[in-house]
Amino acid sequence: MREISFNRLTDTEFEAFGFDFLHALGFVNVDWRKGTGLASSPADKGRDIVCQELREDVDGAKHLETWFVDCKHFMKGVPVSELHNLLAWAQAERPAVALFMVSNFLSNPAKEYLDNYRRNNRPPFKIKYWERPTLEKLCRKKMTLLRKFDLTEEPIRSVKAILKAEEEAFDRVWYDRHQMLMGNVQKHFRDRQILATARKAARNVERKYGKKNLGPYRDFEWGMINGKLSALRWVLGEDWDMLDT
C-alpha cells in the first residue's frame with residue numbers, strides 16, 4: 001500500500017480519524033471531547049479523546065484501562081510546548097495511558113522531553129506516542145477507515161476477482177448440497193440423465209478444488225461460505241440472501 005499522508009486533513013478531521021481509528025482497534029467507550037457540533041470545532045485541549053481498553057489478566061479477570069489521547073496534527077515536528085496539557089490532565093486524573101497520536105512526527109526535543117519526564121517524574125501512567133509510521137502499520141488493513149478519510153488510493157477489487165470468488169463460493173455450496181442429495185438418489189434423481197449430469201459436474205468441482213478441500217464443513221464454516229456467496233452476489237447486483245445454486 002502506498003504511503004499514507006494525513007496532511008490533507010484539517011485538525012478536526014484528524015481528530016475524527018483518531019476517534020474512528022480507536023473504535024476500529026477495539027477500544028470501547030470512546031469519547032471524542034468535541035465541544036460543539038461545528039465542523040471546524042476542535043476537541044478539548046490536552047485530551048481530545050478518552051477511551052478504554054478491555055484487558056484480561058492471566059487468571060481470566062477482565063478490567064478496563066482508561067486512555068487519554070491527544071491528537072497532534074502538525075506538518076512539522078510537534079514541539080515540547082504541545083505536550084504539557086495532556087501530561088497535566090494525566091497527572092491530575094491518572095489514566096492507564098497518555099497517548100500522543102501524531103499525524104507526522106514529534107520533534108527530537110519533544111522526544112527527549114518525554115524521556116526526561118518519565119525518568120524524573122516516574123508518572124503513574126504509561127506515556128506513548130504513535131507517529132505516522134505507527135499509524136500506517138496499525139491501520140494498513142483497515143480499508144473502510146482509510147477510504148472514509150480519503151487516505152488511500154488502493155483500488156477496490158476488480159469485477160473479475162469478485163466473479164472468481166463468487167464462482168468458488170457457488171461451487172462449494174452446490175457441491176455440498178449435491179452430496180446431501182446423493183444420500184437419497186432414488187428420491188431426488190429419478191431421471192438418469194440428470195443424475196449423470198450432476199455426477200459429472202461434481203467430478204469437475206472435485207478436480208478444480210481437490211475433493212479433500214470440499215468439506216464436510218462445520219456449522220461455522222458452512223455459514224461463512226453461504227455468507228460470502230450472499231455478499232458477493234449483492235456486490236454483483238443480486239438481492240441480499242440470494243443463495244440459489
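Side notes on the structure shown:
- Evaluated with a Cβ-only charge set (Lys, Arg +1; Asp, Glu -1), region 159-235 carries a dipole of roughly 320 debye about its Cα centre, given to the nearest 20.
- Dipole axis of the chain (+1 Lys, Arg; -1 Asp, Glu on Cβ), positive-most option in Y175, L243, F14: Y175
- q = 0.10, 0.11 Å⁻¹: log10 I(q)/I(0) that the Debye formula gives for region 11-148, counting C-alpha atoms only: -0.33, -0.40
- The chain - share of DSSP beta bridges that are antiparallel (%, nearest 5): 50
- Taking amide H atoms as placed 1.01 Å from N in the peptide plane, the amide H of L106 lies under 5 Å from those of V78, each 5 or more residues away in sequence or on another chain.
- FRET E, pair Q193, K164, Förster distance 22 Å, beta-carbon r, rounded to 0.05: 0.15
- Radius of gyration and maximum dimension Dmax of region 58-97, Cα, Å: 14.4, 45
- Residues whose placed amide H lies under 5 Å from that of Y129, excluding near-sequence neighbours: F100
- Cα extents for the chain along the principal axes, largest to smallest and rounded to whole angstrom: 85, 45, 33.
- Stokes-Einstein diffusion coefficient of region 159-235, Kirkwood radius over Cα pairs, 20 °C, 1.002 mPa s, in µm²/s: 159
- Less than 5 angstrom separates the built amide H of D31 from those of V50, C51, all sequence-distant by 5 or more or on a different chain.
Here, each number is a calculation from the coordinates, and none is a lab measurement. No experiment lies behind these values; they were computed from the predicted model shown. Virtual Cβ from ideal backbone geometry, glycine too; neighbours counted across all protein chains shown.
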